Amino acid sequence: MENSLLKIQPKHKWFTAFIILFAAIGGIIYGYDLGIIAGALLFMHKTIPMTDMQSSFVVSAVLGGGAIATLISGPLADLMGRRIMIILAAMIFLAGVGLLGFAQHYSEILIGRLTQGIGIGIITITIPLYLSESLPKHIRGRGMSVFQLLLTMGILLASLVGLYFVPTENWRAMFLSAGIPGVILLFGALFLPNTPHWLLMKKRDAQALKVLRLSRNDEQAQQELNAMQTSIHAQQNNLRALFIHLRDKQVWFPLFIVFAVASLQQLSGINSLLQFSAYLLQQAGLQSNITAMLGNTLITSINFAVTIVALFLIDRLGRKKLLSFGTAGMAMALALSGLVYFYLPFGLLKGYLLLACIAGFILTYGVGPGVVVWLVLSELLPNKIRSTGMAAALFLNSMVSSLFASVFLSLTHYIGYAGVFGLCAFFSFLYFCIAYFVLPETNNKTLEEIEGLFKQKFKLRAPILVTESSN
């Protein structure tokens, strides 16, 4: 298959690459912040004493802050623009980095993590939204995958930095190093244009066409502008009846898929396993800090490597196949992890087998949900509720992740580590069912064509029902 980037004229390639590079750099920030806590958690309690519950709160605080941010990010992105929100996210994140780097008390750590979470929450809304609205349809999947690739790169970088600081146990330096990608995002966002969709919403049609021509030829730009104008015109006509439209299957059915995916993504345990991975390996039998961090680095390396592979598959195999394969593999890997914890005694064998199972989980996650989830959240929602619906979905995603992480260690006291792995395997199986039986294929379709899939799906059923009743 011809490389999608070759379909872009040379004069447009630089701008497309610029969008992907600087907009998706937010993925590094998100991933770095998820990953750095795995190493820092091993040493923080030596400086600032914390209970297991407080440690869980420190882990979940970023996700809780993200949940708060998603409540306001969608409406603010519509009001102020995607570009301004990306700049704001970088500034808030950097403020959180400063709080953590110089924290002296547990409350300061918690506030710093919450502040970082707010910045990350804005990033998870606005950057996928920015990419989905700015990139041409034939590379949108690959461009969105770069966001996930840089997210996994951020997690890997965090593991390597954590490993570097293990001998000195300098957890403050681990947190302060997160400022580097934050500064890069802030600088890059200053040069980003507003998205064509947002410019049209603000009745700046000429500017929207100008931005479209930066990454498309004149004919493609005009065609997409016309399609957007029709879609946005319909959206404006229906805003007063938004709650009525939510009862329409053409709206609630994709909304159901998005909400289910947003919840099950976190109930699979992905964020908790990544952030507690070094701790889990220690509890299984890999007691050395260096060994536990090396295991964590192996896990994050696999996550990064398989995302590169998925980057080249997303626009070839499609979203549905990758998500179905990935969720099935996750369910099996988690079930095996539970069996390892249940049947094997504490020791090196148990530790290394658990490492292998978690690595399998991360591998299948990276090739499936890790890449596809951002596309599902940004592509399936109709234009008239996209930003608001995406904000609601990501609020649900962050809240579920935060709640799960906040009770993770406590939950192990009641049902054991095997029980937690079994619970995550069950939710991963439900995720597979949604992916295989419900999710439509959206590969190589414009946002307007994807919306048309749901309109056609339910409109085609009405005449059949009428005909049957008339007989």
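Numerical summary
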read-out	value
Compactness index (Cα Rg / 2.2 N^0.38 Å), region 78-117	1.37
Over 30 Å (Cα to Cα) - which of LYS13/LYS203; LYS210/LYS320; LYS202/LYS320; LYS210/LYS445; LYS137/LYS203 fall in this group	LYS210/LYS320; LYS202/LYS320
0 to 90° range, to nearest 10: angle between helix 348-367 axis and the chain longest Cα axis	10 degrees
Of all accessible heavy-atom area on the chain, the percent that carbon and sulfur account for (1.4 Å)	69 percent
Dipole-positive endmost among PHE408, LEU334, ILE120 within the chain (Cβ charges, Cα centre)	ILE120
For region 271-403, size of Cβ-based charge dipole, Lys and Arg +1, Asp and Glu -1, in debye	300 debye
1.4 Å probe accessible area per residue over the chain, in Å²	39 Å²
Dipole of region 9-83 [Lys/Arg +1, Asp/Glu -1 at C-beta], most positive-end residue of PRO49, ALA69, ILE20	ILE20
Dipole magnitude of the chain about its Cα centre (Cβ charges: Lys, Arg +1; Asp, Glu -1), debye to nearest 20	900 debye
Residue-span extension gain [VAL183 to PHE312] - 0.36 nm each, minus C-alpha spacing	43.5 nm
Mean Cβ count within 10 Å, highest first, over the residues of peptides 55-61, 176-182, 99-105	55-61, 176-182, 99-105
Rounded FRET efficiency, nearest 0.05, which uses the C-beta distance separating SER107 from GLU441 and R0 of 51 Å	0.60
Cα long-axis angle, helix 369-379 against the chain (0 to 90 degrees, to the nearest 10)	30 degrees
Length gained when the stretch GLN54-PHE256 is fully extended (0.36 nm per residue, less Cα-Cα span)	69.3 nm
In Å², nearest 10: area of PHE259 left accessible to a 1.4 Å probe	70 Å²
Net lengthening on full extension, VAL407/LYS13 (0.36 nm per residue, minus Cα-Cα)	137.2 nm
Coordinate range along principal axes, alpha carbons of region 118-185, Å, largest first	48, 22, 17
Reference-scaled alpha-carbon Rg (2.2 N^0.38 Å with N residues) for region 297-367	1.24
Region 85-220 - charge dipole about Cα centre, Lys and Arg +1 at Cβ, Asp and Glu -1, debye rounded to 20	440 debye
On Cα atoms only, tilt of 249-267 relative to the major axis of the chain in degrees	10 degrees
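The values are calculated or read from the model by the stated rules, or taken from the named source; none is laboratory data. Computed from a predicted model, the values in this text were never measured in an experiment. Cβ: placed from backbone, ideal geometry, glycine included. Neighbour counts: every protein chain shown. With ligands, DNA and RNA removed, areas are computed over all heavy atoms of the protein, side chains included. Shrake-Rupley method; radii C 1.70, N 1.55, O 1.52, S 1.80 Å.
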